[in-house]
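A.B. asks: Below is the structure I would like to discuss, written out as structure tokens.
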Amino acid sequence: MSEINPVLNMSIFGLFVAVTLFIVFRASRNTRTAADYYAAGRSFTGPQNGFAIAGDYLSAASFLGICGAIAINGYDGFLYSIGFLVAWLVALLLVAELLRNTGKFTMGDVLAFRMRQRPVRAAAALATLAVSFFYLLAQMAGGGSLVNLLMGIEGEVGQAIVIAVVGVVMILYVLIGGMKGTTWVQIIKAGLLIAGALAMTVWVLALYGFNLSELLGRAAARPDGAGQDLLAPGAKYGENLLTQLDFISLALALVLGTAGLPHVLMRFYTVPTAKEARRSVVWAISLIGLFYLFTLVLGYGAGALVGPEEISSAPGGANAAAPLLALALGGPLLLGFIAAVAFATILAVVAGLTITASASFAHDVYVNVLRKGKESAVNEVKVARVTALVIGACAIAGGILAKDQNVAFLVALAFAVAASANLPTILYTLFWRRFNTTGALWSMYGGLGAAIVLIVFSPAVSGSETAMIPGADFALFPLSNPGLVSIPLSFLLGWLGTMLSKDPADPEKQAEMEVRSLTGAGAEKAVAH
């Protein structure tokens, strides 16, 4: 650990921040309307948006959390990669194009299209804020882990200050550049992250004669590791029936969560047509799939070259696997570059989450619920910017509390909340003609409430060695991830609310939505400047 050079690490990171802030300032000159601020004027092409989606999606969990999970748990850790990737097929086949055609700026636009506007938009905004908060926790926790490792700052106050600095830079991205600035940061970050991961992957494979089997064997042979259990399912989730159920719950959340993540769904509005939305998802799947193949090599490479014992005892725990591998391969210089890329990853994803949450509050709650649609675009953007400040402050506070958690695990909780609160309502809205406002409210509030209550009373929060609140024990629900219970419950509540209510569906609105979602007729077009 003595080889780490804090000055070099922060110099590289400072250079990245300076360059991206310059780009954000340039982009902000064209941010005049609500469509510019929320959807970047719908001016990005499919490939550009594909890179931005990859930049948005390949978060601290993908880079730091998954590499650490594979290094320590082997095969079971790689299941995170599989789940995150397979989830995109659900988003592509069921959601992306239909959502782009139906909505305007937020998920609430789609859900309220043929429902009573105010209650549904309020529920959609609450769900968006809840998912964004859990996801923000994960990114800020990743930032805390990196600060621990790279700066040698081990005091609680020092870590809190640096997490606050990361949060302030992220808020600047959002306030100044809006969606356009944030998108360019995500495109740059995706390119750097994939290039850095590719270089490290080739380097690790070269050390073992480009023989993956040799690499896996060396990782399994380490005396401080799990041995051959690293190469077989069950090292983490195969101990007993309870851990197996936990794995099924995690898998459900990962596979179904992506199609309900508001910050990913909002990216589909930055392209001019539904065709470009489809192209952007295809590009995103290709880039994300390639990156997750790299995580297999990087995770086992960290296990073989650094070792589970050193990774677990490092500041940040499992989240330190990828930076420690970079240090072992290329010394302080490569570590500085990888650390800057990881920081950039956190900044870009947090900026995307913040703009999504602030857009949802300003567009759905302030304009359509409180002002009943009678508000100017200028004031709407002002409210969004104020909301971004508040959300940023909450993210900083939450990140300080959750800084010792595995970020892949925290993101899985966000996916569970998204899959429970949003996905059933989105699918029912798009595909079930009889679905009505009561069903939508039951589904969203029921799924959201169940997911959050089960998380609060789960071993993730108390009653286990890795709990968020060490020493406390009020865990009543045995599974760490609530998806197995909360997702089916949300689908059931949506059906039940619809069947039991006398709330009539609007056949004309339903027909309009069906035509618009399937053909793109009447969809929000690019805004001319």
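The values are calculated or read from the model by the stated rules, or taken from the named source; none is laboratory data. Computed from a predicted model, the values in this text were never measured in an experiment. All Cβ positions, glycine included, derive from the backbone under ideal geometry; neighbour counts span all protein chains shown. Note: areas computed on protein heavy atoms with side chains; ligands, DNA, RNA excluded. Shrake-Rupley method; radii C 1.70, N 1.55, O 1.52, S 1.80 Å.
A.B. asks: Answer yes if at least one residue in the stretch 198-207 is within 30 Å of Leu21 (Cα to Cα), open to solvent by less than 50 Å² (accessible area, probe 1.4 Å) and either of a type outside the set (A, V, I, L, M) or in a loop (DSSP other than H, G, I, E, B) (or both), and no otherwise.
C.D. replies: Taking the stretch 198-207 as the starting set, the residues that turn out to be within 30 Å of Leu21 (Cα to Cα) are 198-201.
From what is left, the residues that are open to solvent by less than 50 Å² (accessible area, probe 1.4 Å) are 200-201.
Adding the requirement that they be either of a type outside the set (A, V, I, L, M) or in a loop (DSSP other than H, G, I, E, B) (or both) leaves 201.
Yes, some residue in the stretch 198-207 is within 30 Å of Leu21 (Cα to Cα), open to solvent by less than 50 Å² (accessible area, probe 1.4 Å) and either of a type outside the set (A, V, I, L, M) or in a loop (DSSP other than H, G, I, E, B) (or both).
A.B. asks: Right, something else. Considering the stretch 374-396 alone, what residues qualify as being touching a residue at least 40 places away in the same chain (Cβ under 8 Å) and either surrounded by fewer than 20 Cβ atoms within 10 Å (Cβ to Cβ) or touching an Asp or Glu at 6+ places or on another chain (Cβ under 9 Å) (or both)?
C.D. replies: Ala377, Val381, Arg385, Leu389, Ala393, Cys394
A.B. asks: Please determine whether any residue of the stretch 264-282 is farther than 28 Å from Thr128 by Cβ, open to solvent by less than 40 Å² (accessible area, probe 1.4 Å) and either touching a Leu at 6+ places or on another chain (Cβ under 7 Å) or in a helix (DSSP H, G or I) (or both). Before you say what the answer is, go through the steps one by one.
C.D. replies: As a first pass, look at the stretch 264-282 and keep what is farther than 28 Å from Thr128 by Cβ: none.
Within the stretch 264-282 (the criterion being farther than 28 Å from Thr128 by Cβ, open to solvent by less than 40 Å² (accessible area, probe 1.4 Å) and either touching a Leu at 6+ places or on another chain (Cβ under 7 Å) or in a helix (DSSP H, G or I) (or both)), the answer is no, since none of the residues qualifies.
A.B. asks: So how many residues does the stretch 428-442 have that are modelled with pLDDT under 90, open to solvent by 10 Å² or more (accessible area, probe 1.4 Å) and in a helix (DSSP H, G or I)?
C.D. replies: Result for the stretch 428-442: 2.
A.B. asks: Look through the stretch 8-43, keep the residues that are touching a Pro at 6+ places or on another chain (Cβ under 9 Å) and modelled with pLDDT of 70 or more, and return whichever of them is farthest from Val349 (Cα to Cα).
C.D. replies: Leu8
A.B. asks: As an exercise: evaluate Leu492 against (1) within 25 Å of the chain's Cα centre (by Cα); (2) within 16 Å of Ala421 (Cβ to Cβ) and give the number of the one condition it does not meet.
C.D. replies: Exception for Leu492: condition (1).
A.B. asks: Can you find a residue in the stretch 405-426 that is closer than 24 Å to Lys180 by Cβ, in contact (Cβ under 8 Å) with a residue 12 or more places away in the chain, in a helix (DSSP H, G or I) and open to solvent by less than 10 Å² (accessible area, probe 1.4 Å)? Before the answer, list the steps.
C.D. replies: Of all residues in the stretch 405-426, those closer than 24 Å to Lys180 by Cβ come to none.
The answer is no; no qualifying residue exists.
A.B. asks: Separate question: Look through Leu298, Leu290, Leu347 and report the one residue that is closer than 24 Å to Lys189 by Cβ, assigned to a helix (DSSP H, G or I) and open to solvent by 10 Å² or more (accessible area, probe 1.4 Å).
C.D. replies: Leu290
A.B. asks: Residue by residue through the stretch 350-373, note down the ones that are among the charged types (D, E, K, R) and surrounded by fewer than 24 Cβ atoms within 10 Å (Cβ to Cβ).
C.D. replies: Once the filter is applied, which keeps residues that are among the charged types (D, E, K, R) and surrounded by fewer than 24 Cβ atoms within 10 Å (Cβ to Cβ), the stretch 350-373 yields Arg371, Lys372.
A.B. asks: So which residues in the stretch 153-165 are modelled with pLDDT under 75 and assigned to a helix (DSSP H, G or I)? Walk me through how you get there before you give the answer.
C.D. replies: Step one: of the stretch 153-165, the residues modelled with pLDDT under 75 are 153-156, 158-159, 162.
The answer is Glu156, Gly158, Gln159, Val162.
A.B. asks: Tell me, which residue of the stretch 452-465 that is in contact (Cβ under 8 Å) with a residue 40 or more places away in the chain and part of a helix (DSSP H, G or I) is nearest to Glu512 (Cα to Cα)?
C.D. replies: Our first condition is that a residue be in contact (Cβ under 8 Å) with a residue 40 or more places away in the chain; within the stretch 452-465, this holds for 452, 455, 460.
Subsequent filtering for residues that are part of a helix (DSSP H, G or I) retains 452, 455.
Details: Ile452: 35, Ile455: 39 Å.
Residue satisfying both the conditions and the ranking: Ile452.
A.B. asks: Only one of Lys509, Lys502 is open to solvent by 40 Å² or more (accessible area, probe 1.4 Å), at pLDDT below 90 and either of a type in the set (Asp, Glu) or in a helix (DSSP H, G or I) (or both); which?
C.D. replies: Lys509
A.B. asks: Using beta carbons and a limit of 6 Å, which pairs, at least six apart or on different chains, have the first residue in the stretch 189-214 and under 13 Å from Phe291 (Cα atoms) and the second one open to solvent by 50 Å² or more (accessible area, probe 1.4 Å) and at pLDDT 90 or above?
C.D. replies: Once the first residue is under 13 Å from Phe291 (Cα atoms) and sits in the stretch 189-214, its partners that are open to solvent by 50 Å² or more (accessible area, probe 1.4 Å) and at pLDDT 90 or above give Ala190/Phe51.
A.B. asks: Are there any pairs, at least 6 apart or on different chains, whose C-beta atoms fall under 6 Å, with the first in the stretch 67-96 and assigned to a helix (DSSP H, G or I) and the second charged (D, E, K, R), and if so, which?
C.D. replies: Asn73/Lys236; Asp76/Lys236
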